[in-house]
Amino acid sequence: MEYSIKNHEVNSLTANITVPWWSFGKTVLATAILVLVEQGKLDLETNYYGLRATLKELLQHRSGLKDYGDFESYQLDVKNKALPWTFEEMLLRTNSDELLFEPGTEWKYSNIGYGYIRNLIVETTKMDLEGALKSLIFDKLKLTDVKVAVTSNDLKYCAYVVKNYDPGWVYHGMITGSLKSAAVFFDRLMTGEILSMESIDLMFTPHLLIIDSDDRPWKVPAYGLGMMMDMQEGNLHCMGHTGIGPGSAIAVYHFPHGKVPITVAISKNVTEEGPIEHDVVNNAKYNQ
């Protein structure tokens, strides 16, 4: 399934089918945090929850926190459809107090870090996550199909989900919605309808990654605040986020430097990020 926005026109046969947003939700959470920063309720240079990392370092995966997805015990319990651990239990099982590096000195993707981000949004707004995201972002955009799944029953009408998958295993929140809503949200973010240009500049300030991209299409990979980026020059310079989980992957990216800027959202029943990211790039090439 795919959906694209070009010149504010849409192109899709399956635009309104609900799919898991997986880690594209990190872009949503980072956006919500920056809205709260603009409202004066949070500060990017502050340490919350007694963590050594600042809020900005959490958003950019430079906190030194581990990623619970790397733990075999987590993978096995998800596969065996065990009850999700509580957030506190997850922190204990992963020995999260033992940092991988001093905050700000290196980079390591961390779902634990974004678990803290989710909690901070909930506590700051005094709403559940879905209510907070609607209030901060989606009501303004009139996107009504974006939800946060809490139980497996909430995923009943969601495409590409493993039967009886428990969304409690996604500690930053299992956001679901249509590809249309994913693309519209990101397109409107890029045009300054959600955040000030100052906040957008912060979001897109790149930390270049010294990593092997393997079979993924990124030539000069970087990460901003809740934002994956390819800093290569030319038409394929892009920003967005990929997400993957049991049953599917999603990739939503904006290509600002072609003849016409384009936002592409694709979701597929695949088990690796590379193929769907290549599909996004090929879609952007075709539509330039």
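The values are calculated or read from the model by the stated rules, or taken from the named source; none is laboratory data. All figures in this text were calculated on a predicted structure; none of them were measured in a lab. Neighbour counts run over all protein chains shown; Cβ positions are idealised from the backbone, glycine included. Each accessible area value is taken on the protein alone, full model and side chains, heavy atoms only, with ligands, DNA and RNA left out. Shrake-Rupley method; radii C 1.70, N 1.55, O 1.52, S 1.80 Å.
Quick one: with all protein chains in place, what share of the accessible area of the stretch 21-147 is carbon or sulfur, to the nearest percent (1.4 Å probe)?
Answer for the stretch 21-147 is 48 percent, counting heavy atoms of protein chains only.
Just check the stretch 178-288 against the gyration tensor rule for me: Cα atoms, a ≥ b ≥ c as the square roots of the eigenvalues, rounded for a/c under 1.5, and otherwise prolate or oblate depending on whether a/b exceeds b/c.
rounded
For Asp215, what is the net charge nearby, where nearby means another residue's Cβ is under 14 Å from its Cβ and Lys, Arg count +1, Asp, Glu -1?
Its environment carries a net charge of -4.
So for each of 267-279, 90-102 I average, over its residues, the number of other beta carbons within 10 Å; can you give me the resulting order with the highest mean first?
Peptide ranking by packing, descending: 267-279, 90-102.
Just check the stretch 67-151 against the gyration tensor rule for me: Cα atoms, a ≥ b ≥ c as the square roots of the eigenvalues, rounded for a/c under 1.5, and otherwise prolate or oblate depending on whether a/b exceeds b/c.
oblate
Over the stretch 74-167, what is the relative contact order in percent, taking alpha-carbon pairs closer than 8 angstrom and at least six residues apart?
25 percent
For the stretch 60-111, what value does the Rg/Rh ratio take when both radii are computed over Cα atoms and Rh is the Kirkwood radius, given to two decimals?
Rg/Rh for the stretch 60-111 comes to 1.02.
Calculated FRET efficiency, Val220 and Lys108, Cβ-Cβ r, R0 22 Å, to nearest 0.05?
0.70
What does the C-alpha gyration tensor say about the overall shape of the chain? Classify as rounded when a/c is under 1.5, otherwise prolate if a/b is larger than b/c, or oblate.
In terms of gyration-tensor shape, rounded.
Separation between the His207 and Thr151 pseudo-spin-labels, each 7 Å from Cα along Cα→Cβ, expressed in nm?
In this crude label model, His207 to Thr151 measures out at 3.8 nm.
So which of Lys108/Lys147; Lys81/Lys147; Lys219/Lys285; Lys147/Lys180 end up more than 18 Å apart by C-alpha?
Long pairs (Cα-Cα over 18 Å): Lys108/Lys147; Lys81/Lys147.
Please list, by residue number, every one of the chymotrypsin sites (Phe, Trp or Tyr not before Pro) in the stretch 165-262 that is coil in DSSP and has at most 13 other beta-carbon atoms within 10 Å.
The qualifying sites: there are none.
In whole percent, what relative contact order does the stretch 159-288 give with Cα contacts below 8 Å and a gap of six or more residues?
With pairs under 8 Å counted, the relative contact order is 20 percent.
Counting only heavy atoms of protein chains, what accessible area per residue, in Å², does the chain have with a probe of 1.4 Å?
Ligands and nucleic acids excluded, the figure is 45 Å² per residue.
To the nearest 10 Å², what's Val19's accessible area with a 1.4 Å probe?
For Val19, the solvent-accessible surface is approximately 0 Å².
Name the residue from His254, Tyr223, Ile211 whose Cα lies farthest towards the positive end of the charge dipole of the stretch 149-274, charges +1 on Cβ of Lys and Arg and -1 on Cβ of Asp and Glu.
His254
From the helices alone, meaning DSSP H stretches of at least four residues, give me the mean residue ellipticity at 222 nm for the chain, per-run term -39500 (n - 2.57), in deg cm²/dmol to the nearest 500.
-9000 deg cm²/dmol, from helical runs alone.
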